[in-house]
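The structure appears right after this line, and notes come after that.
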């Protein structure tokens, strides 16, 4: 009887441990994008500096956030810039100059870099792009929520619905990483935390003052075997009447990133394909041949058509034959350029020949492979085998976020 009682008590104690709510970690912030709660990682957790909340720019990557607020980004490592763009606006953060600008003026708001991760001022970005920003206090720690009109839940309902998942993420964080143990610096005399804003733009009471913390105490992203894989960026140059739909059917269901470039004048003729691309979560950009009479006008019309067809915007261009002087002028208007370093040879007359050609080039590459393929029937036929080669090998296919200028 005593043994049975001891066993019952032991089970009850174990169950009790499982049900305990994890303790909040000082300096740790949760993030919500629309109705999606993000897991706790260096790519999702905000930090506070001088009373301002900064969020990793990668929360605007739908692959990271698993949700989109209609603002997208591109990074240019050589120019040290991060460009955010939406349907009507764009914002360029210059890491060297320590400011940001749009096409009309320069702002004092700046990005921060900590442990190799770039953070953007969350409230400033939300205010600029017309997004709702909320600073929410919870028992498990502060929650920063960014949302647009696609969000269904109110802030109260979101916190209530997310509490159990927040507990799970916090346990995983505490079990998988060392908690933030460095002493936080003294609180500022009058911390200026931005207030929570409701959907109508009215401000609610700001959160109670709390200590800031050392950004260096955030652990960097773990070094896993994934980081040792060779990176591959995959893009397709689409024509008016190519095999784009067959290519898209092959990609669908695979958890990989892909990008599709269209000439502006071909968007309307491929409207169903464009909507399918966007709905599947792939990126989309515009192609310039260098022969356009007025490139600015051509691109402006393409951006408008894209917004009309699929409710998205783009500033990313494929323009290998455009002169550098023209590229510089377009860059001043906020356009970004992607360049490839790997493509199938023109003599690839069959799917098997194309696959062999691409495998040879990629296997011998010493750096990131930026692969551009056409939308021919040969490409569509070669794609399953080529993707199988990449997935079985030491490669990781990522969505294009890096541009050249």
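Just to be sure before I move on: is residue 102 surrounded by 16 or more Cβ atoms within 10 Å (Cβ to Cβ), farther than 30 Å from residue 163 by Cβ, modelled with pLDDT of 90 or more and assigned by TED's automatic domain parsing to the domain that holds residue 166 in the structure I sent? It is false that residue 102 is surrounded by 16 or more Cβ atoms within 10 Å (Cβ to Cβ), farther than 30 Å from residue 163 by Cβ, modelled with pLDDT of 90 or more and assigned by TED's automatic domain parsing to the domain that holds residue 166. The number of residues in the stretch 43-67 that are touching a residue at least 60 places away in the same chain (Cβ under 8 Å) and touching a helix residue (DSSP H, G or I) at 6+ places or on another chain (Cβ under 6 Å) comes to 5.
If only residues of the stretch 263-283 that are in contact (Cβ under 8 Å) with a residue 40 or more places away in the chain and outside any loop (DSSP other than H, G, I, E, B) are counted, the one that is surrounded by the fewest Cβ atoms within 10 Å (Cβ to Cβ) is 268. Among the residues making up the stretch 120-132, those that are more than 17 Å from the chain's Cα centre (by Cα) and surrounded by 20 or more Cβ atoms within 10 Å (Cβ to Cβ) are 123, 124, 132.
Is one or more of the residues making up the stretch 349-360 at pLDDT below 90, buried (at least 18 other Cβ atoms within 10 Å of the Cβ) and more than 23 Å from residue 77 (Cβ to Cβ)? For the stretch 349-360, residues at pLDDT below 90, buried (at least 18 other Cβ atoms within 10 Å of the Cβ) and more than 23 Å from residue 77 (Cβ to Cβ): absent.
Where in the stretch 313-405 are there helices (runs of 4 or more DSSP H), lying fully within it, with 3 or more residues that are touching a strand residue (DSSP E or B) at 6+ places or on another chain (Cβ under 8 Å) and closer than 29 Å to residue 297 by Cβ?
Qualifying helices (runs of 4 or more DSSP H): 324-332.
Give me the residue from the stretch 49-60 that is under 14 Å from the mean Cα position of the chain (by Cα) and part of a strand (DSSP E or B) and, out of that set, farthest from residue 153 (Cα to Cα). So, considering only residues that are under 14 Å from the mean Cα position of the chain (by Cα) and part of a strand (DSSP E or B), the one farthest from residue 153 (Cα to Cα) is 56.
Within the stretch 34-48, the set of residues being at pLDDT 90 or above and either part of a strand (DSSP E or B) or under 11 Å from the mean Cα position of the chain (by Cα) (or both) comprises 36, 37, 44, 47, 48.
The values are calculated or read from the model by the stated rules, or taken from the named source; none is laboratory data. Computed from a prediction, not measured in an experiment: that's the story for all the values here. Don't worry about glycine lacking a Cβ; one is built from the backbone with ideal geometry, like all the others, and counts go over all protein chains shown.
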